[in-house]
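Chemist: My questions all concern the structure below.
The values are calculated or read from the model by the stated rules, or taken from the named source; none is laboratory data. Keep in mind that this is a model prediction, so the values were computed, not measured. For neighbour counting, all protein chains shown are included, and Cβ atoms are generated from backbone atoms with ideal geometry for every residue, glycine included.
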Amino acid sequence: MLKAFLGFLVSVVVLLSSAYAPPAYAASAAIIMTHIQAGGSGAATQEFVGIYNNSNQEVDITNWCLTNKNNIVFACFSADVNQIRFLPAHAYAVVASSSLATALPSVRFTTVYNPLSQSSGSMIGGGDTISLVDQTGLLIDQHAWTASLAGGTQLTRHKQPSLPVVYDDSDLTTDWSVASPSYIPEDETVLETTIIDLCVNIEGDQSTIPEGLVRDVAGVCQERIITQLELSELLPNAIGSDEGNEFIELFNPNAHPVDLTAYRLWVGADFDSAYAFPEGSVIGAQSHLSFSNAAIAFSLLNSSSRVRLATDDGAIVSETPAYLDPKDGASWALIGGVWQYTKLPTPGMENALSGLEVLVETIPAPTPCAVNQYRNPETGRCRLLSTSGSTPTPCKDGQYRSEETNRCRTIAADAKTVTACDEDQERNPETGRCRKIALAATPAACKEGQARNPDTNRCRTVTKMPSADYAVLGAKTKDSGAWYAWVAVGGILLLAIGYAIWEWHSEIGKFTASLLGRVPLFARLRK
């Protein structure tokens with residue numbers, strides 16, 4: 001009897017277990033799909049999927065993805081590096097195809113994807129299975145359909161009559177229905193930036209490596225040791241062609257060689273162009289090393305530019321000041337700690353001055369003059385000079401002392417004595433000659449009938465005009481005979497009267513007839 005009862009219980013358990021079929025996917029307690037459009041009315045590639053946070057807690061959906069029935073991922077909720085995408089409570093996230101996003105530019109989509117097929121898209125309207133998986137591939141939600149969906153229709157999950165909005169989530173097909181497109185949810189996700197500690201051995205979180213430190217292969221930050229190098233010379237304006245003739249020179253002040261692999265050259269007014277050194281470049285200890293623009297593809301402008309040497313991670317090692325309009329063949333070089341031009345480029349060697357610098361020739365000092373002499377500032381020669389405080393010997397009669405030489409000179413040697421003019425003479429100030437004073441006296445009066453010429457001061461005979469026996473008559477105007485003008489005026493008047501009679505002859509006739517008709521009446525009135 002007991003065996004029969006136990007067998008009955010086992011049979012009931014088997015029947016119940018066979019009657020209950022668990023769902024083929026895991027039920028979601030929070031994030032669910034709410035809208036699916038496999039194709040729009042305008043094109044089969046106009047697709048979108050909306051998901052919803054059905055809970056009261058925000059959920060991290062970073063890198064969650066959607067797959068189709070072929071388990072092909074066609075869209076993901078991605079985020080940038082150091083960012084996390086959160087879906088707040090009762091909020092939407094939406095992925096859409098690029099063709100739908102183009103057709104609806106005002107709608108905010110979380111992610112836009114390119115359809116797998118340019119004709120049918122990433123979802124098949126005739127029947128497909130869409131799955132939502134997290135970043136590890138774990139199934140979060142899934143919905144399948146077999147009945148063909150008309151273009152532009154949506155599969156929409158049913159809402160419950162509550163606020164905030166809560167969707168049905170029984171994992172049954174009855175949670176969904178087909179509807180005409182009336183609503184497309186918009187992106188409501190939130191991106192938050194996370195801080196990744198790059199230096200785990202330093203207190204706090206370092207999102208960037210502090211200046212002066214470097215990470216080793218184990219992620220430990222330690223002090224960076226930068227080997228110091230110097231930029232020492234530039235040739236931006238070579239004689240002839242600049243191609244292959246421009247160069248940049250470095251100097252290694254260290255007692256050991258330096259590998260240039262970890263360094264970069266930055267060229268330009270704003271250091272906007274970076275160049276790596278050729279593979280295997282090493283600069284020797286206490287040595288200069290130059291690189292032409294044939295070895296490194298840089299270009300130094302002839303007008304103005306500058307160069308910076310930095311490590312591959314941006315630490316500045318050396319930098320030149322900007323040069324300005326260098327002459328042909330003149331290099332911009334560091335000489336004596338000062339950047340200056342030189343016409344003697346020395347690539348790979350120590351820099352030197354050139355003909356551009358002014359060389360001052362050393363002139364030996366002249367021999368000092370004697371005690372009783374002085375140096376003439378014009379000739380540079382020594383000349384006699386009285387000892388300071390002594391009185392020079394007076395000059396003889398007829399001599400004077402020269403202020404320039406301090407020597408006595410004869411007065412007659414400097415100026416000749418001028419002979420005086422006679423009493424009746426005077427000295428002409430222009431010629432220096434004597435002339436008679438009588439030449440300047442008042443001249444004698446001219447004779448009768450003569451007058452003095454003011455130009456020559458000589459007397460000349462005056463010529464008289466002949467006299468006339470009658471007075472000068474005034475001008476008399478002769479009659480010009482203007483009768484023809486009057487004839488012309490009369491002719492014009494006659495022509496005008498004739499034209500008037502011809503033009504108005506009808507009116508004149510009527511007027512005359514009227515006057516003649518009144519004559520008998522006037523006669524009768526007189527009687």
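Chemist: Counting only residues that are loosely packed, with under 13 Cβ neighbours inside 10 Å and among the charged types (D, E, K, R), which one in the range 264-316 is nearest to the chain's Cα centre (by Cα)?
Modeler: Asp270
Residue by residue, here is whether (1) closer than 19 Å to Leu87 by Cα; (2) modelled with pLDDT of 90 or more; (3) under 55 Å from the mean Cα position of the chain (by Cα) holds:
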{"residue": "Pro161", "(1), (2), (3)": "no, yes, no"}
{"residue": "Val165", "(1), (2), (3)": "yes, yes, yes"}
{"residue": "Asp169", "(1), (2), (3)": "yes, yes, no"}
{"residue": "Val178", "(1), (2), (3)": "no, yes, no"}
{"residue": "Ser182", "(1), (2), (3)": "no, no, yes"}
{"residue": "Glu186", "(1), (2), (3)": "yes, yes, yes"}
{"residue": "Leu198", "(1), (2), (3)": "no, no, yes"}
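Here is a yes/no grid of residues against (1) within 30 Å of Ser207 (Cβ to Cβ); (2) of a type in the set (Phe, Trp, Tyr):
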position	(1), (2)
Thr67	no, no
Phe77	yes, yes
Ile84	yes, no
Leu87	yes, no
Gly126	no, no
Thr153	no, no
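Chemist: Okay, next question. Can you give me the number of residues within the range 246-257 that are outside any loop (DSSP other than H, G, I, E, B) and closer than 12 Å to Thr227 by Cβ?
Modeler: So the answer is 2.
Chemist: Restricting attention to the range 99-121, which residues are of a type in the set (Gly, Ala, Ser) and either under 24 Å from Ser148 (Cβ atoms) or buried (at least 16 other Cβ atoms within 10 Å of the Cβ) (or both)?
Modeler: Ser99, Ala101, Ala103, Ser117, Ser119, Ser120, Gly121
Chemist: Would you please list the contacts, defined by Cβ atoms under 6 Å and residues six or more apart or on different chains, that run from a residue in the range 84-106 that is not assigned by TED's automatic domain parsing to the domain that holds Leu163 to a residue that is surrounded by fewer than 17 Cβ atoms within 10 Å (Cβ to Cβ)?
Modeler: Correct list of pairs: empty, since none qualify.
Chemist: Would you check which residues across the range 168-192 are hydroxyl-bearing (Ser, Thr, Tyr) and surrounded by fewer than 16 Cβ atoms within 10 Å (Cβ to Cβ) and list them?
Modeler: Answer for the range 168-192, where residues must be hydroxyl-bearing (Ser, Thr, Tyr) and surrounded by fewer than 16 Cβ atoms within 10 Å (Cβ to Cβ): Ser170, Thr173, Thr174, Ser177, Ser180, Ser182, Tyr183.
Chemist: Continuing with this model, one more query. Collect the residues in the range 135-152 that are of a type in the set (Ser, Thr, Tyr) and free of Cβ contacts under 8 Å to residues at least 12 places away in the same chain, keeping them in residue-number order.
Modeler: Thr136
Chemist: Looking at the structure I just gave you, is Ser55 among the hydroxyl-bearing types (Ser, Thr, Tyr) and either more than 30 Å from Ile196 (Cβ to Cβ) or under 42 Å from the mean Cα position of the chain (by Cα) (or both)?
Modeler: It is false that Ser55 is among the hydroxyl-bearing types (Ser, Thr, Tyr) and either more than 30 Å from Ile196 (Cβ to Cβ) or under 42 Å from the mean Cα position of the chain (by Cα) (or both).
Chemist: Would you pick out the residues in the range 181-210 that are farther than 15 Å from Val49 by Cα, touching a residue at least 12 places away in the same chain (Cβ under 8 Å) and in a loop (DSSP other than H, G, I, E, B)?
Modeler: Scanning the range 181-210 gives Thr194, Ile195, Ile196, Leu198, Cys199, Val200, Asn201, Ile202, Gln206, Ser207, Ile209.
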